[in-house]
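This report refers to the structure that appears directly beneath it.
No lab work stands behind these numbers, since they all come straight from the coordinates. Note that this is a predicted model, so its numbers are computed, not measured. Because the Cβ atoms are built from the backbone with ideal geometry, glycine has one as well, and the counts that use them run over all protein chains shown.
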2 protein chains.
Amino acid sequence: MANIDRGIQIFRREERHLTKVFKALSDGTRQEILRLLEGRQRTVGEIVGNFNLSQPTISRHLSVLKEADLVVDHRQGQNVIYRLNDGALSTSMQEFFGQFRSCQDVLR
Amino acid sequence: MANIDRGIQIFRREERHLTKVFKALSDGTRQEILRLLEGRQRTVGEIVGNFNLSQPTISRHLSVLKEADLVVDHRQGQNVIYRLNDGALSTSMQEFFGQFRSCQDVLR
DNA sequence: GCGACTCATAATCGCTAGGTCATGGGTTCA
DNA sequence: TGAACCCATGACCTAGCGATTATGAGTCGC
């Protein structure tokens, strides 16, 4: 019974994580940031340069993406560099879409 | 040039559609509704019975899912029956995740 | 046509999300 | 050490979201 409860807890936690991921993806700016990072990692300043939004705004978006585990950052001198968290996207994707029969034939 | 503009318009429209889809998915209740509908189609009343939420609230959630084209409804007598819009999920999935190299090896 | 049933919509409320400007903390270099 | 640069965070405002209750619109059986 304790095992079942633990299983439910894990399920709930992953459900919340999944919700975080979808919330992160449900904004056009954040989608665009991910596309920018697909090519290569970038500094915050480089990312800001691609939008007509203030630096704090982009910084907020980046923290949402980081909270959803979709990006990873590290400091290099004065700059903070963001890159895609490879694997996180595909993992979430399989986790959710794998539940649906109509998606089975699109997943490996 | 007109062709390019038209292409951009299509891109923008699909981008907005994708945002709608992710917004629809970014709520735990709506995720749960989709899982319920995975097994079989259900009336609104049946869906409401699975939650501790009012009927209007569920009705709102259903309209969000419908607006995102993730579900389809039709009336049958007094009831309105909802079912998954098979294909819409997998299409959106490929449309977005196909952009990322790290997802390529998970998609067919 | 009328009451009963099923579902959608209108009006409303509290909270979260996304934007801004101002400011603070870390790092580099002279 | 102090100035300059890069980025994150605090304070704030507005708009949108999720929930509710009340009500309206279709449909069925009598």
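With a/c under 1.5 counting as rounded, go ahead and sort the stretch B:2-104 into rounded, prolate or oblate using the C-alpha gyration tensor (a ≥ b ≥ c being the square roots of the eigenvalues; past the cut-off, prolate if a/b is larger than b/c, else oblate).
Because a/c hits 1.5 or more and a/b exceeds b/c, the stretch B:2-104 counts as prolate.
Taking the label point 7 Å from Cα in the Cβ direction, how far apart in nm is B:G45 from each other copy of itself, listed shortest first?
Here B:G45 shows inter-copy label distances of 6.5 nm.
Expressed as a whole number of Å, what is the distance separating the alpha-carbon centroids of the stretch A:48-101 and the stretch B:37-95?
30
Going 7 Å from Cα along the Cα-Cβ axis for the label, what nanometre distances separate B:R108 from the same residue across the other copies?
Label-point separations across copies, in nm and ascending: 1.4.
A:R108 to A:H17: FRET efficiency via 1/(1 + (r/R0)^6), r the Cβ-Cβ distance, R0 22 Å, to the nearest 0.05?
The formula returns an efficiency of 0.50 here.
From the P(r) of the protein assembly as shown, can you give the percent of Cα pairs sitting at distances over 21 Å?
60
Under the convention of a label 7 Å out along Cα→Cβ, give the distances in nm from B:S59 to the same position in every other copy, shortest first.
When each copy's label point is compared with this one, the spacings are 4.6 nm.
Determine the dipole magnitude for the stretch B:2-104: charges of +1 sit on the beta-carbon of Lys and Arg, -1 on that of Asp and Glu, nothing else is charged, the reference point is the Cα centre, and the result goes in debye to the nearest 20.
100
Taking the Cα centre of the protein assembly as shown as origin, work out the dipole magnitude from +1 charges on Lys and Arg Cβ and -1 charges on Asp and Glu Cβ, in debye rounded to 20. Working shown, then result.
Values: 32 positive and 26 negative charges, 39 e Å.
Charge dipole of the protein assembly as shown: 180 debye, to the nearest 20.
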